[in-house]
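Below you'll find the structure, written out as structure tokens, and then a few comments.
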Amino acid sequence: MDVLELYRRTGALLEGHFLLRSGMHSPLFLQSAALLQHPLYAEAVGEALGKLFEDEKVDFVIAPAIGGVVLSFVVAKALGARALFAEKDGKGGMLIRKGLTVNPGDRFLAVEDVVTTGESVRKAIRAAEARGGVLVGVGAIVDRSGGRASFGVPFRALLALEVPQYAPEACPLCREEVPLEEV
């Protein structure tokens with residue numbers, strides 16, 4: 001599967017000057033929601049990501065809301081597991097809503113569309129572990145961490161993409177006065 005081509009085909013690969021959630025600037029942004037809005041592409045991505053973890057025997061898949069809800073669902077479907085999501089708790093962390101089941105000892109896979117620092121998926125992981133879940137792996141459509149993301153369990157992505165990131169004070173796009181877009 002050519003993941004980058006799916007991003008291109010769906011208009012989800014954006015080029016310009018972007019302010020990332022981390023505060024860094026980048027000339028490239030992957031708008032995964034634009035890709036995952038297409039059920040056939042979402043299902044193909046979910047199946048491919050699920051295959052990377054098919055030997056793990058997971059009880060559920062979790063992702064950070066809101067962007068990871070669809071991804072969690074399609075990966076869980078591919079693995080025959082439950083699909084959960086963690087949402088912001090208003091205190092800088094995440095929680096799992098009442099009614100979404102995590103049994104003590106349940107094995108889970110955490111997924112994210114694009115991992116740069118991994119902080120969002122770590123918050124979802126902490127929410128699941130707080131309810132007794134046992135993390136067995138982390139998956140992503142795209143790893144743009146440059147190999148720096150580490151979770152203490154297998155981390156696998158469909159695509160590793162080296163994308164420049166700049167601190168605002170060192171950003172060449174700022175110096176060239178390219179308009180900055182918040183994403």
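Against the chain, whose longest principal axis is taken from its Cα atoms, helix 119-130 shows a tilt of about 20°. With the simple model of a label 7 Å out from the Cα in the direction of the Cβ, GLU87 to LYS57 spans 3.4 nm. Of the two radii for the stretch 3-182, the radius of gyration is 0.98 times the Kirkwood radius, both from the alpha carbons; that is the Rg over Rh value. Distance between the 7 Å Cα→Cβ label points at LYS98 and ILE66: 2.3 nm. Helices in the chain, meaning DSSP H runs of at least 4 residues, each add -39500 (n - 2.57). Divided by all residues, the mean residue ellipticity at 222 nm is -8000 deg cm²/dmol. Summarising the label geometry, the points placed 7 Å from Cα in the beta-carbon direction at ARG175 and GLU119 lie 2.6 nm from one another.
Relative contact order of the stretch 3-182: 23 percent, from C-alpha pairs under 8 Å at least 6 residues apart in sequence. Beta bridges assigned by DSSP with both partners in the stretch 47-183 are antiparallel in approximately 10 percent of cases.
Converting phi to 3J(HN,Hα) with the Karplus coefficients 6.51, -1.76 and 1.60 and the offset θ = phi - 60°, the stretch 163-175 yields 10, x, 9, 10, 5, x, 6, 10, 7, x, 5, 5, 4 Hz in sequence order, with x at every glycine or proline. Please report the relative contact order for the stretch 20-108, taking Cα pairs under 8 Å with a sequence separation of at least 6, and give it as a percent rounded to a whole number. Relative contact order of the stretch 20-108: 25 percent. Between helix 39-51 and the chain there is an angle of about 70 degrees, using the helix long axis and the longest principal axis of the Cα atoms.
Where a number appears in this text, it was derived from the coordinates with a stated rule and is not lab data. It should be emphasised that the depicted structure is a prediction, and the values quoted were computed from it without experimental measurement. Note that we place each Cβ from the backbone using ideal geometry, even for glycine, and neighbour counts take in every protein chain shown.
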